[in-house]
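Following: one structure in structure tokens, then a few remarks.
Quick note: the coordinates plus some simple rules give every number you see, no bench work behind them. What you see is a predicted model; the values in this text were computed from it and never measured. When we count neighbours, we look across all protein chains shown, and the Cβ atoms used for this are built from the backbone with ideal geometry, even at glycine.
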Amino acid sequence: MECKHENQQNKDSLLNCSLKRLYFTNKKSFKEATLFDQQLKASHNSFDKGPLQKQLAYDKDFPAFGGCLSIEFDLVQNHNLLGKNDEWEFYLQHGKKYDKKSKKLTQALEEVQKWSEQNKNHPPIIIYLDIKTEMCFGDPIIQTEKLDEQILRHIKKDQLYMPINMLKHEKNIITYIKKYGYPKVSELLNKFIFVMSGSEKDIKTHTFRTTYYTHNYQERIAFLDLDARIFPLGALVDISQKNEKFLENRFIYNVPVKQEGWENIVQEARKKGYLTRVFQANNEKDWKKACKAGVHHIATDKIFQVDWTKF
């Protein structure tokens, strides 16, 4: 798929400045386009990329400066507060023991909620919660509930697009998507979509994520991704052929640019109807490859520095 985008600013009077950054493949109009038709710039390891408001902000005169529609919160926790009645502390760090100097998840959530209130009618914002090994202490059931509680405390519930939005119609998310397709972007204005990511090779993060989607998943806030590092090329199983709980509620395929054959893996996932994300697209060559491959969420560390990250 070629990286040909249609800027909707001259076609639909609904678009305000915040919406002018929207670009869709297949020349879909704003009113027709779904999440599957959208390509967007995503911030990788957002905790050390400057103020979240600047990463999310869009300037039509400098479209490569910020302009992200997806951010990532790498999470660790204070392992000294693990009781059911404790106020659990989650921090934005790329692993290692928690540092009280790091930004708390609650602070980050307050920042994005404030940005949302100042930018009404904004496109849907996808927030990846990347679970690190140092996030996985204590009872995973209590822990996952505490995580959702903190999100709900700082993000308005009516601004969340959650698993229940699909599961109230079908037994699992993949079945819903096959039957109804992806939601339209125009129907998700002012919304946040949380996606939980993390290594499936790490037993602790695997346990955390497994607990999250097997324990009251209909009540959960976040969707789950598929870690491409455990699915080599050709190994992606179609849910209609193998009905595994591991797959049936996951529809976002997360691929590192460093993984061998990542372009073919992305195209394979797209053909099966999965949304795709690549991370560490940190040079112009990889960025353009991701565009051409039709990657939906292109995550980069180059949020402000370079011109080639604009669509």
*Here are some values of mean projected area of the Cα convex hull in nm²: [x] 22.1; [y] 17.3; [z] 15.0. Which one was computed from this structure?*
[z]
*FRET efficiency for I142 and L189, using Cβ-Cβ distance with R0 set to 35 Å, rounded to 0.05*: 0.50
_region 66-219 - percent relative contact order, Cα under 8 Å, separation 6 or more_ = 28 percent
_Quick check on packing: order 145-154, 66-75 by the mean number of other C-beta atoms within 10 Å, highest mean leading._
66-75, 145-154
_Packing-based exposure ordering (other Cβ within 10 Å, fewest first) of S43, S29_ = S29, S43
*asked:* Give me F311, F24 sorted ascending by neighbouring Cβ count inside 10 Å, so fewest comes first.
replied: F311, F24
_I want the local charge near F251. Using Cβ-Cβ distances under 12 Å, sum +1 for each Lys or Arg and -1 for each Asp or Glu among the other residues._
+3
*Net charge, F47 excluded, C-beta distance under 14 Å - Lys, Arg +1, Asp, Glu -1*: -1
*Given the pairs K114/K157; K49/K101; K103/K204; K103/K157; K28/K292, which are separated by over 20 angstrom at their Cα positions?*
K103/K204; K103/K157
*asked:* Antiparallel versus total DSSP beta bridges in the chain: what percent is that, nearest 5?
replied: 20 percent
*Sort largest first and round to whole Å: the equivalent ellipsoid semi-axes of region 75-158, each the square root of five times a Cα gyration tensor eigenvalue.*
24, 14, 11
*Of T25, T207, T34, which has the largest mean-square fluctuation in a 10 Å C-alpha GNM of the chain?*
T207
